Structure formats: C-alpha cells, structure tokens
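Peer 1: I have a structure here, written as structure tokens, and I will follow up with some questions on it.
The values are calculated or read from the model by the stated rules, or taken from the named source; none is laboratory data. The structure presented is a predicted model; accordingly, all values stated were derived computationally and were not measured. No Cβ is skipped: glycine too gets one built from the backbone with ideal geometry, and neighbour counts run over all protein chains shown.
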Amino acid sequence: MLESILFYVLAACIIMFGVLVVTARNTVHSVLFLVANFLCVAVIYVMLAAEFLAIIQILVYAGGIVVLYLFVVMLVHLKRPHEAAPDARRQSRLGFAIAAVMLAEIAAILVYSAARPASAVAVAAANPMAPGGNTELVGMLLYSDYLVPFEVASMLLLVAMIGAILLAKKEV
C-alpha cells in the first residue's frame, strides 16, 4: 500500500517536472526541473530493486547529461535578439527529412522488438535474485537483445553533439 502511494506521488512529480521543463521561460530553471525529474525516476528504480540503474540514472543523466545541457545553453546564448530575416543557409527540408528518418528508425525498432519472442536472458531477468544480480542481467540484455537500440541511441547522442558544435560556431 505504501509503495503504491509512493509510486503515484513520484509519477505525479515526474509528470509535473516534465511539464515544467517544457513550459519554463528560463532555460536554466528548465534544466533544474529536468534534474528533479531524473532524480524522481531514480527513486522509482530503487523501488523496483534496480539499484544499478538508479545509480546510473543519477551519475549519467542527472550528472553528465545535465552538465552538457547547461554547457550548451550557456554556449549558444539563448538571450540574443531575434533575427528579423530568416537565415538563408537554413535547410528546413533537410531537417524534416532527417526527422522522418529518425522516426522511421524508432518505428522499426518498436516493430522489431514487438515481433521477437522473449529470450532466455529476458526470462532470467524475471528472477532478480539470480546469481550475479541485476547488474549482470542488465549487461547481458544491453549487449545481446538491445544492442541495436543501444547503438541507435549512441548515434543520436553523436548527432546531437555535432549539432551543438555547429550551433556554437559563428560561421559554418
């Protein structure tokens, strides 16, 4: 009963912080709401007995990714005046094409994941008290069944980093 109440309170906080991330006028406040959101997700991981994922959530997301966001926010200077004329170098069609390709990749991953039967590693993951603990199971799942989504996520992070560098440069 107490776990259910805590879960619903955390779920409400996650939704509230997610809305605040999107609606905050100050970008630094938005990033701070994102940190709070990540911390609430880490608490849910602890409730699910996935301590390794909770620690990774705090270290990687609430630590590293948020520092990267703050660095990009301060590097790009979001408070500069709005340009009167649109940039002639802007390639919105290319952007829409890339977004469509990314959406197709995500759809393909979802279809691929739904079409596959459960693997032996996933069946073993149902028993968290197996020898080796849940950290070994996470590693086995990450590098066997979820290798393609893992690599796609790494490519997305690489593209985001290149985009941030291009935005930060004065002349391309």
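Peer 1: Show the residue pairs meeting these rules: Cβ distance below 7 Å; 6+ apart or different chains; first residue within the range 136-155 and part of a helix (DSSP H, G or I); second residue modelled with pLDDT of 80 or more and charged (D, E, K, R).
Peer 2: 152/105
Peer 1: Continuing with this model, one more query. Filter the range 15-30 for residues that are of a type in the set (Gly, Ala, Ser) and assigned to a helix (DSSP H, G or I) and give the result.
Peer 2: 18, 30
Peer 1: Return the pair list, or none, for Cβ contacts closer than 8 Å from residues in the range 42-60 that are over 12 Å from residue 6 (Cα atoms) and not assigned by TED's automatic domain parsing to the domain that holds residue 139 to residues that are charged (D, E, K, R) and assigned to a helix (DSSP H, G or I), at least 6 apart or on different chains.
Peer 2: Listed pairs, sorted by first residue: 45/51.
Peer 1: Scan the range 110-135 residue by residue and report those that are modelled with pLDDT under 80 and in a helix (DSSP H, G or I).
Peer 2: 113, 114, 115, 120, 121, 122, 123, 124, 125, 133, 134, 135, listed by residue number.
Peer 1: Could you give every pair whose Cβ atoms fall below 6 Å, whose first residue belongs to the range 1-28 and is closer than 20 Å to residue 49 by Cα, and whose second residue is hydroxyl-bearing (Ser, Thr, Tyr) and part of a helix (DSSP H, G or I), counting only separations of at least 6 or pairs across chains?
Peer 2: Once the first residue is closer than 20 Å to residue 49 by Cα and sits in the range 1-28, no partner that is hydroxyl-bearing (Ser, Thr, Tyr) and part of a helix (DSSP H, G or I) comes close enough.
Peer 1: Considering only the range 19-50, state which residues are of a type outside the set (S, T, N, Q), more than 22 Å from residue 8 (Cβ to Cβ) and over 16 Å from the mean Cα position of the chain (by Cα).
Peer 2: 24, 25, 28, 29
Peer 1: Specify which of the listed residues (4, 30) is of a type in the set (S, T, N, Q) and touching a helix residue (DSSP H, G or I) at 6+ places or on another chain (Cβ under 9 Å).
Peer 2: 30
Peer 1: Turning to a different aspect of this structure: Here is a check on your reading of the model: is residue 39 surrounded by 11 or more Cβ atoms within 10 Å (Cβ to Cβ) and either at pLDDT 75 or above or of a type in the set (Phe, Trp, Tyr) (or both)?
Peer 2: Yes: the conditions hold for residue 39.
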